[in-house]
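Below is one structure, written out as structure tokens, with a few remarks after it.
The values are calculated or read from the model by the stated rules, or taken from the named source; none is laboratory data. Predicted, not measured: the structure shown is a model, and the values here were computed from it. Cβ sites come from the backbone with ideal geometry, for glycine too, and all protein chains shown count toward neighbours.
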Amino acid sequence: MGGITTSLTSETSIPGLYAVGENASTGVHGANRLASNSLLECLVYGAQLQHIPLPSWTELPEISPSMPIQEISLKPVDNSTDPCESLREAMAQLVWQTAGISRQAVGLQQAITTLHQYQQAFDNLPLTQVLTQLCPGQCYQLPNLLSPKDLRSWGELRNLLTVAHLLLKSALFRTESRGGHYREDYPATDPAWQVHTLIQESQCWQSEPLSGSSTKADPTASS
Ligand SMILES: Cc1cc2nc3c(=O)[nH]c(=O)nc-3n(C[C@H](O)[C@H](O)[C@H](O)COP(=O)(O)OP(=O)(O)OC[C@H]3O[C@@H](n4cnc5c(N)ncnc54)[C@H](O)[C@@H]3O)c2cc1C
């Protein structure tokens, strides 16, 4: 089952960032998670986390320069209509229809193209253009029309678009059916795919912890 790759002590590749539970991929599950192992995983790894010596703040790499808060002037945001809501609904429908229980390459490829258009629409939102220009330490006076709920919905959509992209790309990459992953165009289980798949940005690759071999490929070129 998928998630953010972690070590057995819940560390991710980002120093100081730990992942536990549904969002973590520790390697304890195969392609099909057995019933009730998910909650057990949360309990075991959650309990373990309290005993892991965490680095102190001074040991962590500096994330941003400590700048004094300053006002910056950017173009005002008109948030009288909420385009995030409709984009979110369309994206959820797209991913459920093309990467739900049963998938196939053509549908996944079309979904990647459509998702790219949704991403562009999101990037072009006035709110996105303002918020993504802000640097650490900068302060922007949000318009009164923009509620905390709108801001949260914007942030969630931004993350969901990334997750949808990773999900579609990795579903396209795995050209076999195994466990909870069913491909209509590859209905059989393929021993060559008895590996984990990893994805970072546009790069997918297979990882075989037992043999240590790995191959890199572009998912859009492979299917
Ligand atoms: C229908 C269903 C049935 C299941 N049945 C079983 C079962 O029988 N046995 C079993 O072991 N497992 C089962 N599971 C899996 C199990 O429920 C999950 O693996 C487990 O709940 C994951 O826990 P978690 O704390 O990692 O994530 P979650 O339970 O998803 O908790 C994440 C929390 O973060 C909150 N959150 C999200 N975004 C934000 C944000 N931006 N700011 C603040 N908070 C936020 C959410 O509201 C949520 O409360 C089932 C799952 C589903 C969906």
Please give the helices (runs of 4 or more DSSP H) falling wholly within segment 77-164 in which 1 or more residues are at pLDDT 95 or above, of a type in the set (A, V, I, L, M, F, W, C) and within 16 Å of the ligand (Cβ to nearest atom). 83-99
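Among the residues of segment 174-195, count how many are assigned to a helix (DSSP H, G or I) and at pLDDT 95 or above. Outline the logic, then answer.
Our first condition is that a residue be assigned to a helix (DSSP H, G or I); within segment 174-195, this holds for 191-193.
Next, from what is left, pick out any that are at pLDDT 95 or above: none.
Adding up the residues that qualify gives 0.
This table checks each residue for (1) more than 19 Å from the chain's Cα centre (by Cα); (2) over 20 Å from residue 197 (Cβ atoms); (3) crowded, with 16+ Cβ neighbours inside 10 Å.
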position	(1), (2), (3)
97	no, yes, no
108	no, no, yes
124	yes, yes, no
135	yes, yes, no
175	yes, no, no
So is residue 179 touching a Gly at 6+ places or on another chain (Cβ under 7 Å) and not basic (Lys, Arg) or not? yes
Only residues that are more than 13 Å from the ligand (Cβ to nearest atom) and within 22 Å of residue 194 (Cβ to Cβ): list them for segment 8-31, please. 8, 27, 30, 31
Please name all residue pairs, on different chains or six or more residues apart, with Cβ atoms under 7 Å, provided the first residue is in segment 45-64 and is among the hydroxyl-bearing types (Ser, Thr, Tyr) and the second residue is at pLDDT 75 or above and part of a loop (DSSP other than H, G, I, E, B). 45/10; 45/20; 45/26
Selection from segment 32-53 of residues that are more than 11 Å from the ligand (Cβ to nearest atom) and within 22 Å of residue 167 (Cβ to Cβ): 32
